[in-house]
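Please read the structure below before turning to the comments.
The values are calculated or read from the model by the stated rules, or taken from the named source; none is laboratory data. Fair warning: this is a prediction, and the values are worked out from it, not measured in the lab. Positions of Cβ are backbone-derived with ideal geometry, glycine not excepted, and every protein chain shown enters the neighbour counts.
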Amino acid sequence: MFREKIQRLWKSKKLLLIVLAISNLLVFYWLYGFHPNNDTDSFILTIKFFRGLDTPYVDPIRYLNPFYPLLAGKVLYFLSPAQALISLNIVFYFIIIVTTFSLILRVYKNQTIAFIATLLVIPHYALIRYALTQVQDMGGYFWFVLTLYAVWRWWERKQSPWLYLGSIAVAFGMLTKESGSMGALFAGMLFLFDKVPAKEKVVYFTKFSIFPLLVLFVNQMRGHDLQFNSFDLLKYSWTYYGAENYTFIRWLGVNTTTYNVIWVAFFIGLYYFIKNFKQLSREIKLFQLAIIPSSLTYFIWPVFIARTVVISAWFILPMAAYGLYAICQRYPRAHSAAVGYVLVAICTPYLLQGALGYVHVFSIIDNCHIKPSCIWQTFYKKRMTL
């Protein structure tokens, strides 16, 4: 029995994805290291605060997102704050990979589509640029994906434990990063589309809301002591950053770099999704439609940036994988081209990061007007000093 399990694991695409994820981490570490990012100082100070150390300042929003600081301060106390951040991110990274594959496989019932979609997550631009550095974003993505998976498992057989797990994931997501709670909209869409009486939908919603409402209440009390809450952060951010950053050109630039060549496969997938809509299974149609509201939540934030835009990946990447699969089914000779395309999609995030550093492509147009000396001084040279 044990030998058979080992053999099945060896042949499993999950194992291959884990090996590829390890390889990606090694490449990332070799090229960039698990380096600090723009928010790292505030995360480090909050961890030190939760360890009882003297700190000059604790950012209120970090205090209200205590999941990482608590784990880093009370469980991973034997590591430095930076090492604790990196360790948690790596653990969540692997769980995201495995959970994404399992989720897409349950939706599409096709290992090739699930494998390609997950493969595109492994070196995704937003992970290379932000989530694998010393920040908490990976935790938010983890709770988001766990919510999607748990709620989908609940929808399949209406087993309450899965619904409660989704509820807990949203609650912990609220304590980690804003993105971690956005799976609640996916759950709400499944409740809405479910073919049951309205009373049962109310019961679903009530069960699912228990833990998020509890966290919301507790955090409201904690924020009262600071005279600060998440809505204050949103208001402040819109006031000081919205006018400059909430523009079409920045939205286009960020989406161009975040998904880069993947857009080609996505639009092919969207074409076949619409063309074959009547033939597609209810599961595929429901998933792709129900996840749209969660995928658009980055519009709430006043700054278009890859670390928020990536919330749409679990809508875009399965659709892109479906597009590649559909075109290979339609044109059998396209297999080699599809493999080459996926290899390009895997390498492109690193090429973009190496070329652009920590800006998006349309910033070059805004700030430098394609002047080579300006581009070098502002972007490349500055990146080398990070």
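Conditions (1) surrounded by 24 or more Cβ atoms within 10 Å (Cβ to Cβ); (2) in contact with a His (Cβ under 9 Å, 6 or more places away or on another chain), marked per residue:
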{"site": "I291", "(1), (2)": "yes, no"}
{"site": "I300", "(1), (2)": "no, no"}
{"site": "V310", "(1), (2)": "yes, yes"}
{"site": "A313", "(1), (2)": "yes, yes"}
{"site": "G323", "(1), (2)": "yes, no"}
{"site": "Y331", "(1), (2)": "no, no"}
{"site": "A338", "(1), (2)": "no, no"}
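Per-residue answers, yes or no, for (1) at pLDDT below 95; (2) aliphatic (A, V, I, L, M); (3) over 12 Å from the mean Cα position of the chain (by Cα); (4) more than 21 Å from L165 (Cα to Cα):
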| site | (1), (2), (3), (4) |
| --- | --- |
| V98 | no, yes, yes, no |
| F101 | no, no, yes, no |
| I113 | no, yes, yes, yes |
| A117 | no, yes, yes, yes |
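Among the residues of the stretch 74-87, those identified as in a helix (DSSP H, G or I) and not hydrophobic (A, V, I, L, M, F, W, C) are K74, P81, Q83, S87.
For F191, the conditions (1) of a type outside the set (K, R); (2) buried (at least 24 other Cβ atoms within 10 Å of the Cβ); (3) under 18 Å from T297 (Cβ atoms) all hold with the exception of (2). Of the numbered criteria (1) under 26 Å from L226 (Cα atoms); (2) assigned to a helix (DSSP H, G or I), the one N65 fails is (2). For first residues located in the stretch 247-259 and under 16 Å from V310 (Cβ atoms), partners that are in a loop (DSSP other than H, G, I, E, B) and lie 6+ apart or on another chain with Cβ distances below 6 Å form the pairs R250/F304; W251/F304; G253/H360; V254/F304; V254/H360; T257/H360.
Counting only helices (runs of 4 or more DSSP H) that sit completely within the stretch 88-204, those holding 1 or more residues that are of a type in the set (D, E) correspond to 137-157. Does T100 fit the bill of being in contact with a Ser or Thr (Cβ under 6 Å, 6 or more places away or on another chain) and of a type in the set (S, T, N, Q)? So T100 passes the test. For the criterion of being surrounded by fewer than 13 Cβ atoms within 10 Å (Cβ to Cβ), of a type in the set (A, V, I, L, M) and in contact (Cβ under 8 Å) with a residue 24 or more places away in the chain, I274 fails. The residues in the stretch 265-284 that are among the aliphatic types (A, V, I, L, M), in a helix (DSSP H, G or I) and within 18 Å of L105 (Cβ to Cβ) can be counted, and the count is 1. Residues in the stretch 208-230 include none that are more than 25 Å from the chain's Cα centre (by Cα), closer than 19 Å to P293 by Cβ, crowded, with 19+ Cβ neighbours inside 10 Å and free of Cβ contacts under 8 Å to residues at least 60 places away in the same chain.
In the stretch 281-304, which residue that is of a type in the set (A, V, I, L, M) and at pLDDT 95 or above is nearest to Q329 (Cα to Cα)? Ranking the qualifying residues of the stretch 281-304, first place goes to I284.
Residues checked against (1) farther than 21 Å from L20 by Cα; (2) in contact (Cβ under 8 Å) with a residue 40 or more places away in the chain:
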site: A320; (1), (2): no, yes
site: A326; (1), (2): yes, yes
site: Q329; (1), (2): yes, no
site: R333; (1), (2): yes, no
site: S336; (1), (2): no, no
site: V339; (1), (2): no, no
site: T348; (1), (2): no, yes
site: L351; (1), (2): no, no
site: A355; (1), (2): yes, no
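On the stretch given as the stretch 32-54, residues that are loosely packed, with under 14 Cβ neighbours inside 10 Å, over 23 Å from the mean Cα position of the chain (by Cα) and either modelled with pLDDT of 90 or more or on the phi < 0 side of the Ramachandran plot (or both) total 2.
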